[in-house]
Structure formats: C-alpha cells, structure tokens
Amino acid sequence: MASSKEYLEFILGQLSGLEEISYRAMMGEFIIYYRGKIAGGIYDDRLLVKPVESAISYMTDASFELPYEGGKEMLLVEEVDDRDFLTGLFRAMYEELPAPKPKKKK
C-alpha cells in the first residue's frame, strides 16, 4: 500500500521547526532527509526512522518494523502528534546518521 500525500504533509508540518527537512518520493513511499542525511521514511502511512543508538535511547519502547518486504528493520515512531518529541528525536539522531554516499559520475 502506498503512503498518502496527506500523511507526508502532516509529518512535514510536525517537523517544520527543523531546518533542512526534505523528502524524495520512492516507489509510492517517501524518504525523509534531515540536513542532507536519510533519517527515515514514510511507509504505508507510518513514520519509520533509522535504528541508530540515539533513536533507540530516545524511544525506549519503540518497536522494530520492516518498511517493506525484504527491507531492513527500522523503528516505528508512534508519537507523531507530539511536535516537540519529533523534532527532538531528529536532532538527537543527526550525528549518528550515515553521511550520504557520493554520487557516481556517468
């Protein structure tokens, strides 16, 4: 099931207190970037983030879920209605997020 544009807009609104939040549509889902690094994504209208140590510590009772069949487990963010919680989570995660891979030259 693809994610809705309405849910994407809701999440982006919740993260509007952060600078440099962007997204990319990918096969009916959305990848969320924070300051140029992939922080997570929206899959089947669920916000999932990379399972870095800071995110696991920030959300002590979060469950691991697959974004899609065959994908790597990610953390399900259930507190999407709490704007302060979400912005704090993304700020806490930033340093541990992997740097973007350099683009290959054609």
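We did not get these values from a lab; they are worked out from the coordinates using the rules stated. Here the structure is a predicted model, which means the values were calculated and not measured. Glycine gets a Cβ as well: all are built from the backbone with ideal geometry, and neighbour counts include every protein chain shown.
Spot the failing condition for ILE21; the list is (1) β-branched (Val, Ile, Thr); (2) in contact with a helix residue (DSSP H, G or I) (Cβ under 6 Å, 6 or more places away or on another chain); (3) within 22 Å of LYS103 (Cα to Cα), and only one is missed.
Of (1) β-branched (Val, Ile, Thr); (2) in contact with a helix residue (DSSP H, G or I) (Cβ under 6 Å, 6 or more places away or on another chain); (3) within 22 Å of LYS103 (Cα to Cα), only one is false for ILE21: (2).
Quick test of your reading of the structure: GLU69 fulfils all but one of (1) crowded, with 19+ Cβ neighbours inside 10 Å; (2) out of contact with any Pro (no Cβ under 8 Å at 6 or more places or on another chain). Name the failing condition by number.
Single failed check for GLU69: (1).
Would you check which residues across region 80-106 are within 13 Å of the chain's Cα centre (by Cα), part of a loop (DSSP other than H, G, I, E, B) and farther than 13 Å from GLY40 by Cα and list them?
Result: VAL80, single match.
Could you check, for region 56-71, whether at least one of its residues is of a type outside the set (Val, Ile, Thr) and in contact (Cβ under 8 Å) with a residue 40 or more places away in the chain?
No - not one qualifying residue is present in region 56-71.
Would region 32-47 turn up any residue that is touching a helix residue (DSSP H, G or I) at 6+ places or on another chain (Cβ under 9 Å), more than 20 Å from GLU6 (Cα to Cα) and not basic (Lys, Arg)?
no
Looking for whichever is exposed (fewer than 11 other Cβ atoms within 10 Å of the Cβ) and in contact (Cβ under 8 Å) with a residue 40 or more places away in the chain here; the options are GLU95, GLU19. Which one fits? Steps first, answer last, please.
Details: GLU19 fails: in contact (Cβ under 8 Å) with a residue 40 or more places away in the chain.
Among GLU95, GLU19, only GLU95 is exposed (fewer than 11 other Cβ atoms within 10 Å of the Cβ) and in contact (Cβ under 8 Å) with a residue 40 or more places away in the chain.
Residues being in contact with a strand residue (DSSP E or B) (Cβ under 8 Å, 6 or more places away or on another chain) and more than 18 Å from TYR7 (Cα to Cα): count how many of those fall in region 72-89.
The qualifying residues number 3.
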